[in-house]
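The values are calculated or read from the model by the stated rules, or taken from the named source; none is laboratory data. All values reported here derive from a predicted model rather than from experimental measurement. All Cβ positions, glycine included, derive from the backbone under ideal geometry; neighbour counts span all protein chains shown.
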Amino acid sequence: MREPRSFFVAVSLAALVTLAGCTNGSLALTPAPSSVDPSSFKLQLAVGTATIAVKGGGTFIGLNTVATFRQANGNNATSLNTPTLTGPAGLDFTLGTGNVMAGMTPNALNALLQQPGVPPPPPGLDANASFGVTTGVFGYGFSASNAYPVPIFTQLRQRTGLDGYCIGFTPLGANVNGVFYNAPDATQKSTGNLGMPLLTGGIASCKAQLSQGPFAGDSAFPYTYIGGPPLYPSPQGYHNPVLFSGYSLGFADIAVPAVAGTYALDVAFSNSANYSTFSDARASGRLTSLSPLPSFPQPSLTVNPDGSGLISVNVPAGVLESVITISAFDCDLVDFSRGFGTFDYYSVYSGSPGQQVLFVSNNLGPPESNGMPSHTFCTKDDVNAYNQLVAVPNGLPPLTSYSQTIYVAAVGFDYPAVEASYPFNLKQAPTIANSNGQADISTSYPFSISNNVVVP
């Protein structure tokens with residue numbers, strides 16, 4: 001069984017759902033720039049500290065970033081853009097690369113791919129420390145959802161053996177929380193350029209880059225936080241495509257020591273149909289306090305026989321709101337059209353600090369073939385249904401047990417992170433910082449358990 005779709009070290013595009021008509025690597029076949037006046041786009045940036053739990057009970061104090069890039073109606077400003085994040089002097093995104101993380105514009109990528117053999121990293125762009133070609137800024141957060149056609153990444157894989165140069169935020173890691181368009185409705189095409197949702201699945205293929213620091217060799221990372229029911233609407237029940245996994249929590253925590261000062265974000269996006277010229281949106285955020293939030297103790301999950309669960313969690317002081325994220329192998333064993341072994345994502349909310357027990361109902365899973373919701377956590381009924389409807393009619397041996405893998409992690413915010421997220425907030429410039437102008441987070445150490453279902 002595979003791990004959940006994850007980003008920590010590098011953003012890896014194992015697959016992209018291409019836009020209709022994209023049959024070769026021509027950049028002219030990427031979606032046309034929006035007809036909306038780009039001067040109306042609004043970019044925001046907030047920064048803060050990130051208290052990241054590491055193996056063995058310790059913490060690493062890194063940098064948290066939150067960004068929004070929206071039209072006046074609240075939707076994504078663009079479907080393809082190139083961010084550059086510049087930190088204050090003294091910040092080192094990874095050893096020896098300095099205080100700038102840059103992306104690659106479409107025409108720069110195209111020029112690179114015209115070179116014979118394996119294309120080298122472009123001058124001035126360290127392939128181990130940049131945003132690369134995949135990461136953009138969208139309606140809520142950074143996301144590896146730039147709308148390049150599939151052949152672009154096919155070329156990169158064939159010629160480099162890596163996905164998008166295997167470029168993430170830094171070899172020391174970053175949690176990038178977007179998986180699909182962060183639009184309130186992923187099927188919406190309000191600007192004429194959103195098109196189909198982009199699938200950014202697969203495990204990052206550059207885990208070897210974790211050669212230094214507290215995350216080196218840690219199987220708990222990379223890790224992705226995805227918002228789902230009951231806090232967020234069910235992806236399959238909110239007019240979203242079947243492959244829409246869930247909602248972005250908006251933050252990207254970077255495992256480098258935070259430095260006080262001003263952080264600047266520049267986002268370049270095309271203003272021409274052939275992606276030859278670009279406009280820029282700029283925003284800044286200031287980190288004034290290096291006092292981090294307390295560490296977030298690891299929660300616990302108890303699975304009940306009926307498919308419900310209980311989460312015991314101790315939310316640290318100073319946290320305004322927290323989200324406990326759960327990813328679990330799907331229980332709808334008879335619905336192979338959705339793919340056996342796929343993950344469902346759930347999110348449970350707490351709006352207060354302290355010790356508490358949160359209930360997870362048993363009917364949060366995506367609809368079964370009969371339209372009824374499936375179990376959140378697998379039960380004997382799920383195994384029996386598989387036996388009766390699949391195994392026996394097809395002459396397969398009936399299952400006597402099933403082991404469901406469940407991943408759990410928690411993140412606490414001292415700013416209104418959930419309120420700023422889709423589908424709840426359609427403002428162009430939602431509040432993404434606390435009263436001091438920062439966006440601090442604290443994350444628990446991720447863990448997994450097995451829900452072992454035995455049928456007598």
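List of remarks:
- From the list S448, S347, S444, S374, the one residue that fits, being farther than 24 Å from N314 by Cβ and either under 25 Å from the mean Cα position of the chain (by Cα) or without any contact (Cβ under 8 Å) to a residue 12 or more places away in the chain (or both), is S374.
- In the set (1) among the hydroxyl-bearing types (S, T, Y); (2) at pLDDT 95 or above; (3) outside the structural domain of I226 (by TED's automatic domain parsing), the condition left unmet by S327 is number (2).
- In the range 256-278, the residues that are assigned to a loop (DSSP other than H, G, I, E, B), touching a helix residue (DSSP H, G or I) at 6+ places or on another chain (Cβ under 8 Å) and surrounded by 14 or more Cβ atoms within 10 Å (Cβ to Cβ): N271, N274, Y275, S276
- Within the option set A328, A281, A385, A391, being within 30 Å of V259 (Cβ to Cβ) and either of a type outside the set (D, E, K, R) or surrounded by 15 or more Cβ atoms within 10 Å (Cβ to Cβ) (or both) holds for one residue only, A281.
- Meets criteria (among the charged types (D, E, K, R) and at pLDDT 95 or above) for D253: no
- Test: residue in the range 73-83 that is modelled with pLDDT of 85 or more, of a type in the set (S, T, Y) and either in a helix (DSSP H, G or I) or touching a Phe, Trp or Tyr at 6+ places or on another chain (Cβ under 6 Å) (or both): yes
- Residue count for the range 420-430, restricted to those that are of a type outside the set (A, V, I, L, M, F, W, C) and closer than 26 Å to N314 by Cα: 1
- Subset of the range 408-425 that is crowded, with 24+ Cβ neighbours inside 10 Å and aromatic (F, W, Y) - its residue that is farthest from the chain's Cα centre (by Cα): Y415
- Extreme residue, farthest from P423 (Cα to Cα), among residues of the range 73-91 that are aliphatic (A, V, I, L, M) and crowded, with 24+ Cβ neighbours inside 10 Å: L85
- Taking the criterion of being part of a strand (DSSP E or B) and over 22 Å from V418 (Cβ atoms), the residues of the range 58-72 that qualify are T59, F60, I61.
- Per this entry, S289 is not counted among residues that are of a type in the set (S, T, N, Q), touching a residue at least 24 places away in the same chain (Cβ under 8 Å), under 30 Å from A102 (Cβ atoms) and not in a loop (DSSP other than H, G, I, E, B).
- If you go through the range 422-437 and keep only what is of a type in the set (S, T, Y) and in contact (Cβ under 8 Å) with a residue 24 or more places away in the chain, you end up with just Y422.
- Residue check, S450 touching a Gly at 6+ places or on another chain (Cβ under 6 Å), among the small types (G, A, S) and in a strand (DSSP E or B): no
- The listed residue being on the phi < 0 side of the Ramachandran plot and modelled with pLDDT of 70 or more, out of T154, T97, T68: T68
- For the range 381-419, filtering for residues that are part of a loop (DSSP other than H, G, I, E, B) and farther than 16 Å from V319 by Cβ leaves 9.
- Restricting attention to the range 301-332, the residues being part of a loop (DSSP other than H, G, I, E, B) and of a type outside the set (G, A, S) number 9.
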